[in-house]
1. Which of the residues spanning the range 212-222 are surrounded by 14 or more Cβ atoms within 10 Å (Cβ to Cβ) and either among the charged types (D, E, K, R) or assigned to a helix (DSSP H, G or I) (or both)?
2. Residues of the range 232-244 being surrounded by 11 or more Cβ atoms within 10 Å (Cβ to Cβ) and either hydrophobic (A, V, I, L, M, F, W, C) or outside any helix (DSSP H, G or I) (or both), which ones?
3. Taking the criterion of being assigned to a helix (DSSP H, G or I) and closer than 29 Å to Leu74 by Cβ, would at least one residue in the range 138-152 satisfy it?
4. Checking the conditions here, which among Trp261, Trp169, Trp176 is touching a residue at least 12 places away in the same chain (Cβ under 8 Å), in contact with a Phe, Trp or Tyr (Cβ under 9 Å, 6 or more places away or on another chain), of a type in the set (Phe, Trp, Tyr) and not in a helix (DSSP H, G or I)?
5. Hey, does the range 112-122 have a residue that's farther than 23 Å from Glu222 by Cβ, among the aromatic types (Phe, Trp, Tyr) and surrounded by 15 or more Cβ atoms within 10 Å (Cβ to Cβ)?
6. Residues in the range 162-184: is at least one at pLDDT below 90 and not small (Gly, Ala, Ser)?
7. When you look at Leu27, is it surrounded by 11 or more Cβ atoms within 10 Å (Cβ to Cβ), among the hydrophobic types (A, V, I, L, M, F, W, C) and over 30 Å from Thr227 (Cα atoms), yes or no?
8. Among (1) surrounded by 12 or more Cβ atoms within 10 Å (Cβ to Cβ); (2) of a type outside the set (Phe, Trp, Tyr); (3) at pLDDT below 90, there is one condition Ser192 misses while meeting the rest; what is its number?
Amino acid sequence: MKNKVPTPKNPDDALSQMEAFIEIVKLLRRDCPWDNKQTHKSISHLLIEETYETIDAINQNDMKEFPKELGDLLLHIVMHSVIAEENGDFNFAKVISKVSEKMVRRHPHVFELDESYKAETEEEVLNNWETIKMKEGRKSALEGVPKNLPSLLKAERIQEKAARVGFDWDNKQDVWAKVEEEFLELKQELASGAPARKEEEFGDLIFALVNAARFEKIVPEEALQLTNLKFIKRFQYVEKRAKEENLKLTEMTLAEMDKFWDEAKNIEKN
């Protein structure tokens, strides 16, 4: 049986749009053979994929794709909420009320809750945030770091959270000295010929670099992403030039490929 498409009573009103959208998802769950078989777990990996697609739109400053990607994220939030409602666990209203309560509770400097919290700077806001979370029952300042977070981003979050409770370097000169120290330790392990601690020392160097990036106001995940994109663009240029010259990469020397690589770099500069 076909259903009439739920439409918002007022297309310009966000709440009206939201109500219609929830009804659309509920109909999909009821009548679509694919949607009604999905579980929280079966679509969990897609949530990660949609998040990265949203980040791509942000990085490319694509304001045409950005609202579409945000919509895809919203679809997953609503879908999980509808599945939970079917299971008798919670509904979308509970999701909204929970995050609203948290935002108010953790921003006492904005709302009339606790006059003892003052926040005139971004740093004070973040410090208050960590203090309030500990009062909510967390046993460790690192408790809120997701287990499945990508390692580079996870290292950054661990360092940020430790810093907010005072476990931090006093100045960035010491941070960069630590980077040099870890690099020397890695070189020593590589020179020793013993493989046992190479991985550990390499990890220590990356961790120290992530910390240095934090002091320099650089987001390491974004920095590496930019480098990845730059490499892809240049390498694809090398492939293009090789094809134009009827050459195969597997038969070219590194010097020949470097010539095209340098061309790509010069194009970027100009």
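1. Ala212, Ala213, Arg214, Phe215, Pro220, Glu221, Glu222
2. Phe235, Val238, Ala242
3. yes
4. Trp169 is the lone residue from the list that is touching a residue at least 12 places away in the same chain (Cβ under 8 Å), in contact with a Phe, Trp or Tyr (Cβ under 9 Å, 6 or more places away or on another chain), of a type in the set (Phe, Trp, Tyr) and not in a helix (DSSP H, G or I).
5. Yes, the range 112-122 contains a residue that is farther than 23 Å from Glu222 by Cβ, among the aromatic types (Phe, Trp, Tyr) and surrounded by 15 or more Cβ atoms within 10 Å (Cβ to Cβ).
6. The answer is yes, given that some residue of the range 162-184 is at pLDDT below 90 and not small (Gly, Ala, Ser).
7. Yes.
8. (1)
The values are calculated or read from the model by the stated rules, or taken from the named source; none is laboratory data. Keep in mind that what you see is a predicted model, and the values were worked out from it rather than measured. When we count neighbours, we look across all protein chains shown, and the Cβ atoms used for this are built from the backbone with ideal geometry, even at glycine.
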